[in-house]
Amino acid sequence: MDDLELSGYMSSGARHLVKDALRASLFDPRELLFLLRFRRSLKRSERRRKDLEDAGTHVPVFLISSITGSCNLFCRGCYARANGTCGRPIKAEMSVGDWSSVFRQAEGLGIPFNILAGGEPMMRMEVVLAAAGMRDTVFPVFTNGTLIGEKEVSLFKKHRNLVPVLSLEGGRERTDARRGPGIYDTVTEVMGRLRSGHVFYGLSVTVTKENQGEVLSDGFLETVAGLGCGILFLIEFVPTDRSVAHLAPDAESRKVFDARLAEIRRRKGRMRIMAFPGDERYMGGCIGAGRGFFHINPYGDAEACPASPHSDVNLMNSTLEEVLSSPLFAEIRKRGMMEGDHAGGCALAEREAEISALLGSVGRDRM
């Protein structure tokens, strides 16, 4: 699948996602009004990307913006802490003005979805508020959920382009074992508040060999759907430490996972499920390095993927359009580094040494 076909595939997926959300929002006038408006802006962004593609510039549908390296939790196996993105600031983070500029540029290029991540993005509310003002962009806010109180629920209710995506690991025992005592109850209470506030929200689950049966069980799915979850992201575990590499799904566990997921999707429930990298097999492999998305770390470095922290260009001295011509991204795609089987949830994470060596030949490391 070439870049143009991928863009069409992902654009079609975005339209279906909005269509599903519309059906689920028929009894919420404010959500319905927002989605109808966003559907129009989605068509405009498609036309903009098509014009740029015709002119020789491929623009991805998604952007991942890690707006801070700070986090209030210490989850076991966190790739962001392992690769230095989170918890160990190496220089000043981008200012709210810098991020506002990135958001405006992205919207101008026709990027309709900009994922806010971290660290914990709710620790930089000034940046989240700046995102709220970009009415033609949807910002899924991937948060651990512990900092969402009534004030934040009101914010999400007012600004429908901010979509909270909370994190669980399955049930109470697994969630608290990885994220800390009491976290499951805290997050499920927040889910209840969002549901009561008629806020469309999602849930993100890191899938391992140990929990994949639980998170695809009828009991878990019925629980989170009953709490109002509108979209479930199943993200395969990225092993950043050899001691936990055994948790990464292998070929056999993926086969079981795929069969179960296909069975669930055939039921066509109201909650949409997206799996990464499982769904990438329909997209010709990994969609990082600018194919379907790229990552901006808290310091402005543009990276192929959050789990591959290498960069040859920085948003502090480059435009977003210039980043799309990154020599590092181009070489990663050209050399087929995003194809083939891999043990964890990121094809590039396993090629750390190769990409580090490649970086030396095309530019500089962010360090």
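Multiply the residue separation of THR57 and ARG104 by 0.36 nm, subtract the distance between their alpha-carbon atoms, and state the gained length in nm to one decimal. Don't jump to the answer; show the numbers that get you there.
On the way: separation 47, 0.36 × 47 = 16.92 nm, distance 1.78 nm.
Contour length minus the Cα-Cα distance gives 15.1 nm.
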Modelled label-to-label distance, VAL96 and LYS255, 7 Å Cα→beta-carbon offset: nm?
5.4
Quick one: check the C-alpha center-to-center distance for segment 174-192 versus segment 114-142, whole angstrom.
22
Restricting to Cα pairs under 8 Å and 6 or more apart, the percent relative contact order of segment 182-273 works out to 32
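Among rounded, prolate and oblate, which fits segment 80-204 when a ≥ b ≥ c are the square roots of the eigenvalues of its C-alpha gyration tensor, a/c under 1.5 means rounded, and a/b larger than b/c means prolate? Show your work: numbers first, answer last.
Values: a/c = 2.15, a/b = 1.27, b/c = 1.69.
It is oblate, given that a/c is not under 1.5 and a/b is not larger than b/c.
What does the highest-first list of 191-199, 139-147, 206-214, 315-323 look like by mean Cβ count within 10 Å?
Details: 191-199: 17.8, 139-147: 22.4, 206-214: 20.1, 315-323: 15.8.
Packing order, densest peptide first, comes out as 139-147, 206-214, 191-199, 315-323.
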Subtract the Cα-Cα distance of ARG265 and MET316 from 0.36 nm times their separation in residues, and report this length gain in nm to one decimal.
14.1 nm
Give me the distance in nm between label points sitting 7 Å out from Cα along the Cα-to-Cβ direction at LYS50 and ARG172, one decimal.
5.3
Computed lengthening from LYS334 to LEU33, 0.36 nm per intervening residue step minus Cα-Cα distance:
104.1 nm
Normalised by the number of residues in segment 91-183, what is the relative contact order in percent for Cα pairs under 8 Å and 6+ residues apart?
24
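For segment 125-178, calculate the relative contact order in percent as a whole number, restricting contacts to Cα pairs under 8 Å that are 6 or more residues apart. Working shown, then result.
Details: 43 pairs, mean separation 20.7, N = 54.
Relative contact order here is 38 percent.
Bear in mind these aren't lab numbers, they're just calculated from the coordinates by the rules spelled out. The model shown is predicted, which means the values in this text are computed figures rather than measured ones. Methodologically, a virtual Cβ is constructed for each residue, glycine included, from the backbone with ideal geometry; neighbour enumeration extends over all protein chains shown.
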